[in-house]
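Peer 1: Here it is: the structure, laid out below.
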Amino acid sequence: MFDDADPASYLDDLNPEQRTAATHGSGPLLVIAGAGSGKTKTLASRVAHLIESGVDPDRIMLLTFTRRAAAEMIRRADSVVPGASASAVWGGTFHAMSNRLLRTYGAAVGLEPSFTVIDRSDCESLFGVLRTELDLTTSRRRFPKKETIAAIYSRVANAQTPLDETVASRFPWCGDHVDAFRDLFRAYTQRKREHNVIDYDDLLLYWRALLGSPAAEAVRDRFDHVLVDEFQDTNAVQATILRGLCGDDGNLTVVGDDAQAIYSFRAATVDNILGFTGDHPSASVVSLEQNYRSTPEILDVSNRVISESPEAFSKALWTTRPPGPTPELVTCFDEVTQADWVCNRVLDLRERGIALRDQAVLFRTGHHSSGLELELGRRQIPFVKFGGLTFLEAAHVKDVLAMLRIIENPKDELAWNRVLLMLPGVGPATASKILSHLGEVAASSGIDVLEAFLRYDVPASLETREVLGLLRTSLDDARGVDGVEPPPSVQLEALSRFCAAVFEIRYDAASARLADIEHLGAIAADYPNRSRFLTEIVLDPPASSSGYADKPHLDDDYLILSTIHSAKGGEWRSVVVIHAADGNIPSDMALSEPGGLEEERRLMYVALTRARDHLAVTVPQRFYHHRFSTNGAHSYALPSRFLDVARPALAESAHGAPDVAADAAWTGRGADPVGDELSALWG
């Protein structure tokens, strides 16, 4: 930990390898940071050391994969550097830093300063519109859905692989539509340009283009040092950006762990970290292998699993922690039995002093927890699940953000369409008619579409007109007076008046949805202007309405359920990895992809290394073809092949089928007195 009371001690708190990384001088540096090895502390110490050595904080760029990670590192560095503010460091995600640079230098690559950033669901919506406009849905052959189209586009953009190659290797069922995709992607690019919007992938592409533009020298000269966290999660475009910023021998520090590279589905490539010393021949390499998280027994299992990986930096995690319980491998009769065993274990550890919030159940994919969720509900064990719908994907939250986007960029057609559809009596055809009318008025009057909407009449039914005036007033109040923009939280407060009128008609649980808008306003209070808020909340969204709060609005204690991907970066006193059967992990689908088997091995490693004190892995032997049915067709599974090498370090046990006689009160079907009573009520 950093010692806020004694700033000079921060380097003394580092182990020798951490100190070597933190005090590295000039030139490229690769830090291979094993799980739980204190990489955040090391990177924060490096930022502090650079500032203490005289580097201007405003000339340091710290790139992370979440806004909060950058903020935490800068806070730590700030606490130990006397007389200098680390808050001036350019810290944030790749996409947020790109947005910041493009607001200043974007004209060099053809961007207007008022561009807005659209999220994944808006991309999908635009592809859906274009799919129809290009008449691709009337063919007798089924054309891919908008979600698939967006995934293909994003993969091509981030992995920088040709379209036909991408489709052939990852979307082979779409092979007959490659020519149509080309037309669709051209139309998508043109439509974005016309409406001054860019998508998430564009931010990286425009930053890369910036480094080949007339503004390149100005951008490169802005920074003396660039530091990157989680380097194993970068894609081909991000690696090109870093080389463009720093060259082969510049002051580039990257920190990561090849054994935790698990995001190839986002086009991340482990080759970036494995090939770093080849791209930067003068690079120094430091390995952090001392683990501060897990017991020796947990590290033994984890090291055995990852040791089978053929391509990896050589490392073996070790710890000075005292011995703990032997990790368990539990073979269960079926999924129902697995859920029963997990619940028993969770409650037992709770009685032994481990709070539910200090326990996590991890799984390969979201539906793997369905049976467990039912049993947790039956036993009244509260839980929170990560890896599902995010806050910004909620329809009512997207509604109010669309109104803000209209004010920021009146050309944003997608936002206009969403807002107009909020009006009672307005469907897609009417919305298109209104928007077309506004475009004509704006063009003939020399004003933008928002001004046309506020000043001129629009074709609308009587039902629509009743709330149209309220929408106009809300938008006008939110945009401010005489070009002076109110704070983002005030703008949201103005827009919430319109939301209050339409949510009652549009949604159920309107009061809860309005509370989310109020919470969004509280988040917005931390941002200086609307542009910054709109961009950063898309680039680094909260996972839920409580994602930016200190404590979630839940029971005072709750079990954590999470996909392994969502659990990366987390740690708990107890971890149970469920459904660890071959076919689940490694996933059958992943085995058909290049490098898929090794990524699945790394995924298992990430799951195991989340545990501090207690670790268990469960394997249901019997899988029913109709989920949660205990009758009918079924098949048998073997433990994950990744566990074979670790079995000598695991305590194996079996959990048999539940006692049907003992559970008769729960599983037997008796009379239905409530149904009989209700039937009598209706005569």
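Peer 1: Considering only protein heavy atoms, what is the solvent-accessible area of H367 at a probe of 1.4 Å, reported in Å² to the nearest 10?
Peer 2: 90
Peer 1: I would also like to ask the following. Given axes a ≥ b ≥ c from the Cα gyration tensor, I'd like to know whether the stretch 186-269 is rounded (a/c under 1.5), prolate (a/b larger than b/c) or oblate.
Peer 2: Oblate shape, in that a/c is at least 1.5 and b/c is the bigger or equal ratio.
Peer 1: Now a separate question. How much mean residue ellipticity at 222 nm does the chain get from its helices, if each DSSP H run of length 4 or more adds -39500 (n - 2.57) and you divide by all residues, to the nearest 500 deg cm²/dmol?
Peer 2: -14000 deg cm²/dmol
Peer 1: Summing Lys, Arg as +1 and Asp, Glu as -1, what charge do residues with Cβ under 10 Å from the Cβ of P325 carry, P325 excluded?
Peer 2: With Lys, Arg at +1 and Asp, Glu at -1, the net is -3.
Peer 1: What is the spin-label model distance, in nm, from S436 to L591 if the labels are put 7 Å beyond Cα along the C-beta direction?
Peer 2: Result for the modelled spin labels: 5.4 nm.
Peer 1: Okay, moving on. So, in nm, how far is label A216 from label T320 when the simple model puts each one 7 Å beyond its Cα toward the Cβ?
Peer 2: Roughly 4.9 nm, to one decimal.
Peer 1: Now for a separate question. Decide, for the stretch 171-322, between rounded, prolate and oblate: order the square roots of the alpha carbon gyration tensor eigenvalues as a ≥ b ≥ c, take rounded if a/c falls under 1.5, and otherwise choose prolate if a/b is larger than b/c, else oblate.
Peer 2: Here the stretch 171-322 falls in the oblate category.
Peer 1: Got the relative contact order for the stretch 71-125 handy, in percent, Cα pairs under 8 Å and 6 or more residues apart?
Peer 2: 19
Peer 1: For the stretch 133-197, what does the alpha-carbon gyration tensor say about shape, rounded, prolate or oblate, given a ≥ b ≥ c as the root eigenvalues, a/c under 1.5 as rounded, and a/b over b/c as prolate?
Peer 2: Taking the square roots of the gyration eigenvalues as a ≥ b ≥ c, the stretch 133-197 is oblate.
Peer 1: Can you compute the modelled spin-label distance between D13 and E308, with each label point 7 Å from Cα toward Cβ, in nm?
Peer 2: 3.9
Peer 1: Let me ask something additional. Could you tell me which of the pairs K192/K411; K398/K433; K39/K315; K146/K192; K39/K385 are separated by over 19 angstrom between their Cα atoms in the structure shown?
Peer 2: Flagged as over cut-off: K398/K433; K39/K385.
Peer 1: Just how far, in whole angstrom, is the stretch 413-480 from the stretch 332-401 if you go by their alpha carbon centroids?
Peer 2: So the separation of the two Cα centres works out to 44 Å.
Peer 1: Also, quick follow-up: Net charge around R304, counting only other residues with Cβ within less than 12 Å of its Cβ (Lys, Arg = +1; Asp, Glu = -1)?
Peer 2: -2
Peer 1: Taking a probe of 1.4 Å, how large is the accessible area per residue of the stretch 275-369, in Å²?
Peer 2: Per residue, the stretch 275-369 has 43 Å² of solvent-accessible surface.
Peer 1: Among the trypsin sites (Lys or Arg not before Pro) in the stretch 349-384, which ones are in a DSSP loop with at most 10 other Cβ atoms within 10 Å of the Cβ? Mind listing them?
Peer 2: Within the stretch 349-384, the qualifying trypsin sites (Lys or Arg not before Pro) (loop, at most 10 other Cβ atoms within 10 Å) are R352.
Peer 1: In the full protein assembly as shown, how much of D457 is accessible to a 1.4 Å probe, in Å² to the nearest 10?
Peer 2: Accessible area of D457: about 90 Å².
Peer 1: Have a look at the DSSP beta bridges in the chain and tell me what percent are antiparallel, nearest 5.
Peer 2: The answer is about 10 percent antiparallel.
Peer 1: Now for a separate question. What's the carbon and sulfur percent of the chain's accessible surface, probe 1.4 angstrom, rounded to a whole number?
Peer 2: 51
Peer 1: Same structure, new question: I need the semi-axes of the equivalent ellipsoid of the stretch 457-535: take the C-alpha gyration tensor, multiply each eigenvalue by 5, square-root it, list largest first in whole angstrom.
Peer 2: 24, 18, 8
Peer 1: Tell me the label only: which of [x] 206; [y] 270; [z] 159 is volume of the Cα convex hull per residue in Å³ as calculated from this structure?
Peer 2: The value matching this structure is [x].
Peer 1: Please tell me the relative contact order of the chain in percent, rounded to the nearest whole number, where contacts are Cα pairs under 8 Å and at least six residues apart.
Peer 2: Relative contact order, the chain: 18 percent.
Peer 1: Farthest toward the dipole's positive end in the stretch 205-322, which of N291, Q238, G278, given Cβ charges of +1 (Lys, Arg) and -1 (Asp, Glu) about the Cα centre?
Peer 2: About the Cα centre, the residue reaching furthest to the positive side is Q238.
Peer 1: Ok, one more. Label 7 Å along Cα→Cβ of T365; the stretch 578-596 residues with amide nitrogen under 14 Å?
Peer 2: Within reach of a label on T365: 579-593.
Peer 1: Counting heavy atoms of the protein chains only and a 1.4 Å probe, report the per residue accessible area for the stretch 1-124 as a whole number of Å².
Peer 2: 37
Peer 1: Let me ask you something else. Report the extension gain between R68 and V178 in nm, rounded to one decimal, defined as 0.36 nm multiplied by the number of residues separating them, less their alpha carbon distance.
Peer 2: Full extension of this stretch gives 35.7 nm more.
Peer 1: Could you work out the relative contact order of the stretch 377-515? I mean the mean sequence separation of Cα pairs under 8 Å and 6+ apart, divided by the number of residues, in percent.
Peer 2: In percent, rounded to a whole number, it is 21.
Peer 1: Shifting gears a bit: Can you pull out the trypsin sites (Lys or Arg not before Pro) in the stretch 92-161 whose DSSP state is coil and whose Cβ has at most 10 other Cβ atoms within 10 Å?
Peer 2: Hits after loop and neighbour filter: R140, R141, R142.
Peer 1: Under a 1.4 angstrom probe, counting protein chains only, how are S302, S432 ranked by accessible area, largest first?
Peer 2: Greatest to least solvent exposure: S432, S302.
Peer 1: Another question about this same structure. In the stretch 175-234, which chymotrypsin sites (Phe, Trp or Tyr not before Pro) fall in coil by DSSP and have 11 or fewer other Cβ atoms within 10 Å?
Peer 2: Qualifying residues, ordered by number: none.
The values are calculated or read from the model by the stated rules, or taken from the named source; none is laboratory data. Here the structure is a predicted model, which means the values were calculated and not measured. Note: ideal-geometry Cβ built from the backbone for every residue, glycine included; neighbour counts use all protein chains shown. In case anyone asks, the SASA skips ligands and DNA or RNA and just uses the protein heavy atoms, side chains included. Shrake-Rupley method; radii C 1.70, N 1.55, O 1.52, S 1.80 Å.
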